[in-house]
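In what follows, a structure is listed as structure tokens, so that the remarks can point back to it.
The values are calculated or read from the model by the stated rules, or taken from the named source; none is laboratory data. Computed from a predicted structure; not experimentally measured. Note that we place each Cβ from the backbone using ideal geometry, even for glycine, and neighbour counts take in every protein chain shown.
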Amino acid sequence: MRVGISLTTNYPAGTDPRQGARWIIERAVAARHAGLDSLYIGDQHVSPTPYYQNTPMLGRLLAEWGEAPAGCLFLLPLWHPVLVAEQIGTLAAIAQGPFIMQCGLGWGDDRFAGMGVNIRTRPSAFEEGLDIVRRLLAGETVSSSRRFRIADASLALRPAEPVQVHIGASAPPAIDRAARLAEGWIASPGLTREEARAQADFYRESCAAYGRHPGAVVLRRDIYVGESSSEAQAVLQHALSRGYRGMPAEALVAGSVDDVAEQFRLLGEIGYTEILVRHLIDDQPKVLGSLERLAAVRAALA
């Protein structure tokens, strides 16, 4: 079982922009000191609250990271694929270790409208964009006259090693797409354990149907590792009292080092190879303390 981090890059309105950026950097440093296995940040556009964009933020974080894998999410229908390939080429050159491209369809009529993209065509735009990005990263010269009109595009700055693709998906057709196209699948954070089990089973069955071996089977969990079980439960109840992201309590992980390790172990038993953590609080000292204790969670899992 691997434990990585998907850093929060969205902060409440009114947050000092520089302070928010410093918090992200401090969390990346703490994640490295905890020996976490991977580091990622997300992707969001036309956000109603301050959101630090993925490629410049990850470029800064890589200065604090080591040789463990790192990457970021691209909501591909909202991006031009040549620009995605160029950004990955640069980020992979900065990174000391493997670069992993996370990608997804994106959501929200207002976000697609704000970016001038038709939300109804996002599945086909996703597949076309991913194909172009991969061909560019492989060194091909690409032309296309479909949705993306491209003439003789090529990428001179390419990653030194192959870039894995992990697709985030929750609906059955999207999970099937991940099995068909990617080296890994990322499950949604709001799944109960039984839902997580059913989706992992469906992913593996879909891989088998395509004659492919399942790659990384990843589940994101919003967590807090407390100084004690009681302290962690108090933090969790406070988050739930505020309607934490509409998620069921069962989908959230909070407890002592032993509690969290046991919950992660159970997720490993149903087929997940990696847990990507995100903290369910914004309190910076508590988040940094939780990250420090995640080192002990990793040791317990090992």
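Does the stretch 280-302 contain at least one residue that is closer than 25 Å to residue 185 by Cβ, of a type outside the set (A, V, I, L, M, F, W, C) and either at pLDDT below 95 or within 18 Å of the chain's Cα centre (by Cα) (or both)? No, there is no match, as no residue in the stretch 280-302 is closer than 25 Å to residue 185 by Cβ, of a type outside the set (A, V, I, L, M, F, W, C) and either at pLDDT below 95 or within 18 Å of the chain's Cα centre (by Cα) (or both).
Of the listed requirements (1) at pLDDT below 95; (2) among the basic types (Lys, Arg); (3) in contact with a helix residue (DSSP H, G or I) (Cβ under 9 Å, 6 or more places away or on another chain); (4) closer than 30 Å to residue 281 by Cα, residue 242 misses just one: (3). Taken over the stretch 189-203, the residue count meeting the criterion of being out of contact with any Phe, Trp or Tyr (no Cβ under 8 Å at 6 or more places or on another chain) and closer than 26 Å to residue 39 by Cβ is 5. All of 81, 98, 56, 77 fail the test of being under 25 Å from residue 153 (Cα atoms) and free of Cβ contacts under 8 Å to residues at least 12 places away in the same chain, apart from 56.
Residues that are farther than 27 Å from residue 103 by Cβ and in contact (Cβ under 8 Å) with a residue 40 or more places away in the chain: does the stretch 203-225 have at least one? Scanning the stretch 203-225, I find at least one residue that is farther than 27 Å from residue 103 by Cβ and in contact (Cβ under 8 Å) with a residue 40 or more places away in the chain, so the answer is yes.
Being touching a residue at least 60 places away in the same chain (Cβ under 8 Å) and closer than 24 Å to residue 300 by Cβ is a condition met by no residue of the stretch 233-241. The set of residues in the stretch 182-197 that are among the charged types (D, E, K, R) and touching a strand residue (DSSP E or B) at 6+ places or on another chain (Cβ under 6 Å) contains only 183.
As a summary of the residue check, residue 155 satisfies the conditions (1) under 19 Å from residue 129 (Cα atoms); (2) in contact with a strand residue (DSSP E or B) (Cβ under 8 Å, 6 or more places away or on another chain) except for the one numbered (2). Would you be able to say whether some residue in the stretch 145-168 is farther than 29 Å from residue 205 by Cβ and either acidic (Asp, Glu) or under 18 Å from the mean Cα position of the chain (by Cα) (or both)? Within the stretch 145-168, one or more residues are farther than 29 Å from residue 205 by Cβ and either acidic (Asp, Glu) or under 18 Å from the mean Cα position of the chain (by Cα) (or both). A Cβ distance below 6 Å, combined with a sequence gap of six or more or placement on separate chains, defines the contacts here; from the stretch 101-122, residues that are within 19 Å of residue 54 (Cα to Cα) reach residues that are surrounded by 15 or more Cβ atoms within 10 Å (Cβ to Cβ) and among the small types (Gly, Ala, Ser) in the pairs 101/71; 102/71; 104/168. Only one of the numbered conditions (1) without any contact (Cβ under 8 Å) to a residue 60 or more places away in the chain; (2) in a helix (DSSP H, G or I); (3) over 18 Å from the mean Cα position of the chain (by Cα) is not met by residue 245, and that is (3). Within the stretch 265-273, is even one residue aromatic (Phe, Trp, Tyr), within 21 Å of residue 200 (Cβ to Cβ) and under 19 Å from the mean Cα position of the chain (by Cα)? There is at least one residue in the stretch 265-273 that is aromatic (Phe, Trp, Tyr), within 21 Å of residue 200 (Cβ to Cβ) and under 19 Å from the mean Cα position of the chain (by Cα). Which ones in the stretch 35-60 are among the small types (Gly, Ala, Ser), part of a loop (DSSP other than H, G, I, E, B) and under 25 Å from residue 97 (Cβ atoms)? Result: 35, 38, 42. Among the residues of the stretch 62-78, those identified as within 17 Å of the chain's Cα centre (by Cα) and either aliphatic (A, V, I, L, M) or surrounded by fewer than 18 Cβ atoms within 10 Å (Cβ to Cβ) (or both) are 62, 68, 70, 73, 75, 76, 78.
Residues that are among the polar types (S, T, N, Q) and not in a helix (DSSP H, G or I) were ranked within the stretch 79-110; the one that is surrounded by the most Cβ atoms within 10 Å (Cβ to Cβ) is 102. Select from the stretch 1-37 the residues that are among the acidic types (Asp, Glu) and touching a residue at least 40 places away in the same chain (Cβ under 8 Å) and write down the one among them that is farthest from residue 262 (Cα to Cα). The residue in question is 26.
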